[in-house]
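Data block below; observations after.
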Amino acid sequence: SKKKETFTFHKGPIFSSIVFVDELNRCSPRTQSALLEAMAEGSVTINRKVHSLGRPFIVFATQNPAEFTGTYALPESQLDRFAAKLKIGYPEREKEKQIFLDAKHDAVAQVPANVVSDGFVLALEALAENIQVSERLVNYAMRFVENTRQHEAILAGVSTRGAVSWMRMAKARALLEKRDYVIPDDLQALALRVLAHRLVLKGSADAGSVLAEIQKQTPIE
């Protein structure tokens, strides 16, 4: 307000259940740092006042892999906050054909206003948290993570946060497979997507090859 010389706080797009950040590596380091706080603390600080973001709070982001001008590499601490990293690539032939056919339509207008409720998402999270994990698989995951920290091609291995995220993702996969317990395939199927972006590699080492090697060297006892 100009007359009273005061500011009125209006919640921005970060105050959403699902946040999509396009080309995150084009954001300035300051913006990346603010997003890191939101992802780490579930809150934002404005004029020294902390505002909670609520639950669920889920962040999706893309990176521009082709152009490096005007981009800022994401620090390891920021990457570690993302549960998984996917390379989308090109769609399958039939799917791409359908995209061509639908291109004349307004894609945004075709998106339903409501897909799922916050309560439904939180209920799924609760179900996933209650999926059982045997001590045998916990020990396997710990040995796997420890081996990433000792591998000669890796400067920095998987963090404790990364290990916890790996197990949580395995529980979610088990839930989708209609099981109430985790099996080795849940962990192994997700290793590349959940762990690769958390590794700091030496030279030209390839994360996929290194993780495949570690998987072979880490038996399930």
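So, in the stretch 75-221, how many Lys pairs have Cα atoms under 29 Å apart, if the pair is 8 or more places apart or on different chains?
Count of close lysine pairs: 18.
Pull out a ≥ b ≥ c, the square roots of the eigenvalues of the alpha-carbon gyration tensor of the stretch 145-185, then state rounded if a/c is under 1.5, prolate if not and a/b is larger than b/c, and oblate in the remaining case. List each step's numbers first, then the result.
On the way: a/c = 4.16, a/b = 2.72, b/c = 1.53.
Prolate.
Which whole-number percent gives the relative contact order of the stretch 146-211, counting Cα pairs below 8 Å spaced six or more residues apart?
On the way: 68 pairs, mean separation 25.5, N = 66.
Relative contact order of the stretch 146-211: 39 percent.
Before I look further, what does the stretch 125-185 give for accessible area per residue, probe 1.4 Å, in whole square angstrom? Before the final figure, lay out the partial values.
Details: 3620 Å² over 61 residues.
Result: 59 Å² per residue.
Would you work out if the stretch 89-221 is rounded, prolate or oblate? Take a ≥ b ≥ c from the square roots of the eigenvalues of the alpha-carbon gyration tensor; rounded if a/c is under 1.5, else prolate when a/b is larger than b/c, oblate otherwise.
Working: a/c = 2.52, a/b = 1.44, b/c = 1.75.
Since a/c reaches 1.5 but b/c is at least a/b, the shape of the stretch 89-221 is classed as oblate.
Over the chain, with every protein chain in place, what whole percent of the accessible area is carbon and sulfur at 1.4 Å, could you tell me?
54 percent
Loop sites only, by DSSP: take the chymotrypsin sites (Phe, Trp or Tyr not before Pro) in the chain that have at most 16 other C-beta atoms within 10 Å and name the longest stretch containing none of them.
Details: sites that count: F7, F9, F15, F68, Y72.
Maximal segment without exposed cleavage sites: 73-221.
Just to confirm the number: angle between the C-alpha axis of helix 207-217 and the first principal axis of the chain, 0 to 90 degrees, nearest 10?
Computed tilt is about 40 degrees.
The values are calculated or read from the model by the stated rules, or taken from the named source; none is laboratory data. All values reported here derive from a predicted model rather than from experimental measurement. In this analysis, Cβ positions are derived from the backbone assuming ideal geometry, glycine residues included, and neighbour counts consider all displayed protein chains. Note: accessible area is taken over every heavy atom of the protein model, side chains too, but ligands, DNA and RNA are not part of it. Shrake-Rupley method; radii C 1.70, N 1.55, O 1.52, S 1.80 Å.
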